[in-house]
There are 2 protein chains.
Amino acid sequence: MFVVGSGGVHLVDELRSLGANFIDVEIKRFPDGEKYVRIAGSGERAIVLSSTFYPQDEKIIELLLLGDALRERGFEYLRLVVPYFAYSRQDRVTKEGEPISVRAIMRTLGLYYDELYVFDIHNPETLRYFPGKAVNLSPAKAIGNYFKEKLENGVILAPDHGALGRAKAVAEFLGLEYSHFEKRRVSPTEVKMYPVDVNVRGRDVLIVDDIISTGGTMIKAASLLKKLGAEKIYVSATHGVFSEGAIERISKAVEEIAVTNTIPTPVSKISIVPEIMKLEASHIV
Amino acid sequence: MFVVGSGGVHLVDELRSLGANFIDVEIKRFPDGEKYVRIAGSGERAIVLSSTFYPQDEKIIELLLLGDALRERGFEYLRLVVPYFAYSRQDRVTKEGEPISVRAIMRTLGLYYDELYVFDIHNPETLRYFPGKAVNLSPAKAIGNYFKEKLENGVILAPDHGALGRAKAVAEFLGLEYSHFEKRRVSPTEVKMYPVDVNVRGRDVLIVDDIISTGGTMIKAASLLKKLGAEKIYVSATHGVFSEGAIERISKAVEEIAVTNTIPTPVSKISIVPEIMKLEASHIV
């Protein structure tokens, strides 16, 4: 049984079409801005689903209220599915005095939830901050399937070495070659990117990352690939946290951009819902 | 040493004038909406101060991030002062399936803070949800001092029986009489209010409550008091959670309205800062 928060509403139709069951939820806001939630149903186990995109703080508090309501109603085991996990990039202390923000959120959600499922979290190491079982799901097959027909003899590239695992997962699913970009400082003000150990001339390329925000890196990479003689250039990511105008800028620079629907955007063409359905199947009620 | 969050900034000048010490805090927002905090300082003990008025969810998450940053920096004992505590009116399950929202927030803050101080919380019983020491501070003396000169031979009234303790505290501090209103349904659509066992004719009256939102009750009470021959009518509350236009409507109906500065409003003329300073004095560093 799914309990869907504000950040999961965009996934409901597809979940329903795949046979998911739901516990109805009422979510509203009082005139003073406080959230109000109410669940209509009872049971022992539930899967709470909500991505925590903007306004992320409201969605996080809502998850606490839903957790409290479910516990109050007697639910004993709660799975939490947060396809896009807010604060996941604040995963280390870069300057003294900073928090590890993702830790604070994970610990907080751990007060109410037994298990946590996320998609392609920025730093999977951070899942250890969740007190219960925490699983990082991969959208690699979903992304691979979407681009399968478009990438005969293609290459999968990660925008940096840290994202190589993502490129590898998509490439292995499709049986394609993969590599990554490296950055080299060529002058005090200029950094050059280049793809490592791979010939892109005459080939189609898919660049995959976890999050796209401004798209600056993607646009730079695409421009370089064109100079190197690449044919069609595709861009994909798990989470489309697009800043103002980013989709338009990227769209102009590449053949196509497609991200998953962990966050609803105009280019969220790849669905993670089948992966979420598997969680219901494995959740013995 | 005080660490001040977004909901405490309006109290800083007065705290400083009374000799408070601060640990500098940087608080900003990333382009995607995530909050970023950073504390500049170290030590063993700190008092984190932030009221959680609108946008309350952001202020709550900020308190978690501040707590995480302070613990990361080695602080061992953290006092939390939340003059206005959001979600405090969601203190019981009225309809099946609701959370006890205030419990969820208290448990969450308890992950990072050892002690909690609030002012005149809607239901003091809810403080038991905070895992550490939790104290409800009274603004009765501050409110009493503000109205002292205006209330010779005055009466203090609570708008309902539940608020009687507040009226009593202010009245005893000022050596005045106190009572409360009761409501009686006179027809299926009409409820009449009347003050219990007190003669207001020719006397000045102060009505005190914990929270004023729309001001509807206060305006109704003032109108009735006028009919009963009261002289000047004053209205006060700890927390001014005013809805649109409420201050104007109440101001027209009474001699004066004054609330405390747990929430900054145009009529937050009564300061709770001296009470907060006592917490620093008692906080052995």
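The values are calculated or read from the model by the stated rules, or taken from the named source; none is laboratory data. The structure displayed is predicted, hence computed values, not measured ones. For neighbour counting, all protein chains shown are included, and Cβ atoms are generated from backbone atoms with ideal geometry for every residue, glycine included.
Looking only at the stretch B:15-35, how many residues end up being without any contact (Cβ under 8 Å) to a residue 24 or more places away in the chain and either under 22 Å from residue A:213 (Cβ atoms) or touching a helix residue (DSSP H, G or I) at 6+ places or on another chain (Cβ under 8 Å) (or both)?
Here the count works out to 9.
Suppose we filter the stretch A:76-94 for residues that are among the hydrophobic types (A, V, I, L, M, F, W, C), within 7 Å of another protein chain (Cβ to nearest Cβ) and buried (at least 20 other Cβ atoms within 10 Å of the Cβ); how many remain?
1
Being under 22 Å from residue A:173 (Cα atoms) and hydroxyl-bearing (Ser, Thr, Tyr) is the filter here, so list the residues in the stretch A:121-147 that pass it.
Within the stretch A:121-147, A:138, A:146 qualify.
Do the conditions hold for residue B:63, that is, is it of a type outside the set (S, T, N, Q) and part of a strand (DSSP E or B)?
In short, no.
Scan (1) part of a strand (DSSP E or B); (2) within 20 Å of residue B:89 (Cβ to Cβ) for the single condition residue A:69 breaks and write down its number.
Only one criterion is unmet by residue A:69, namely (1).
I'd like the full set of residues that are over 16 Å from residue A:262 (Cβ atoms) and not in a strand (DSSP E or B), limited to the stretch A:146-162.
Pass one, the stretch A:146-162, residues over 16 Å from residue A:262 (Cβ atoms): A:147-162.
Within the stretch A:146-162, A:147, A:148, A:149, A:150, A:151, A:152, A:153, A:154, A:159, A:160, A:161, A:162 meet the criteria.
Could you tell me which residue of the stretch A:19-70 is farthest from residue B:108 (Cα to Cα), considering only residues that are at the interface with chain B (Cβ under 7 Å from one of its Cβ atoms) and hydrophobic (A, V, I, L, M, F, W, C)?
A:40
On the given criteria, is residue B:16 in a strand (DSSP E or B) and in the same structural domain as residue B:111 (by TED's automatic domain parsing)?
No.
Only residues in the stretch B:95-117 that are at the interface with chain A (Cβ under 7 Å from one of its Cβ atoms) count as the first member; pair them with residues that are assigned to a strand (DSSP E or B), Cβ under 6 angstrom, at least 6 apart or cross-chain, and list the lot.
B:97/A:38; B:97/A:39; B:97/A:40; B:98/A:38
Could you identify the single residue in A:142, A:134, A:104 that is among the small types (Gly, Ala, Ser), assigned to a strand (DSSP E or B), modelled with pLDDT of 95 or more and crowded, with 19+ Cβ neighbours inside 10 Å?
Only one candidate passes the filter, namely A:134.
Please find, among A:223, A:236, A:213, A:243, the residue that is more than 20 Å from residue A:53 (Cβ to Cβ) and either among the charged types (D, E, K, R) or not assigned by TED's automatic domain parsing to the domain that holds residue A:51 (or both).
Of A:223, A:236, A:213, A:243, the one residue that is more than 20 Å from residue A:53 (Cβ to Cβ) and either among the charged types (D, E, K, R) or not assigned by TED's automatic domain parsing to the domain that holds residue A:51 (or both) is A:223.
Residue B:73 fails exactly one of the following numbered conditions: (1) among the basic types (Lys, Arg); (2) out of contact with any strand residue (DSSP E or B) (no Cβ under 8 Å at 6 or more places or on another chain); (3) within 7 Å of chain A (Cβ to nearest Cβ). What is the number of that condition?
(2)
Applying the selection to the stretch A:258-285, what residues are among the hydrophobic types (A, V, I, L, M, F, W, C) and in contact with a Lys or Arg (Cβ under 9 Å, 6 or more places away or on another chain)?
Across the stretch A:258-285, the qualifying residues are A:258, A:259, A:279, A:284, A:285.
Output the residue which, of all residues in the stretch A:150-185 that are acidic (Asp, Glu) and either more than 14 Å from residue A:203 (Cα to Cα) or in contact with a Ser or Thr (Cβ under 9 Å, 6 or more places away or on another chain) (or both), is modelled with the highest pLDDT.
Result: A:172.
Quick check on residue A:130: is it more than 11 Å from chain B (Cβ to nearest Cβ), under 18 Å from residue B:67 (Cα atoms) and of a type outside the set (Gly, Ala, Ser)?
yes
Which of the residues spanning the stretch B:48-73 are farther than 18 Å from residue A:54 by Cβ and β-branched (Val, Ile, Thr)?
B:48, B:52, listed by residue number.
When you scan the stretch A:258-279, do you find a residue that is among the aliphatic types (A, V, I, L, M), out of contact with any helix residue (DSSP H, G or I) (no Cβ under 8 Å at 6 or more places or on another chain) and assigned to a strand (DSSP E or B), even just one?
Within the stretch A:258-279, one or more residues are among the aliphatic types (A, V, I, L, M), out of contact with any helix residue (DSSP H, G or I) (no Cβ under 8 Å at 6 or more places or on another chain) and assigned to a strand (DSSP E or B).
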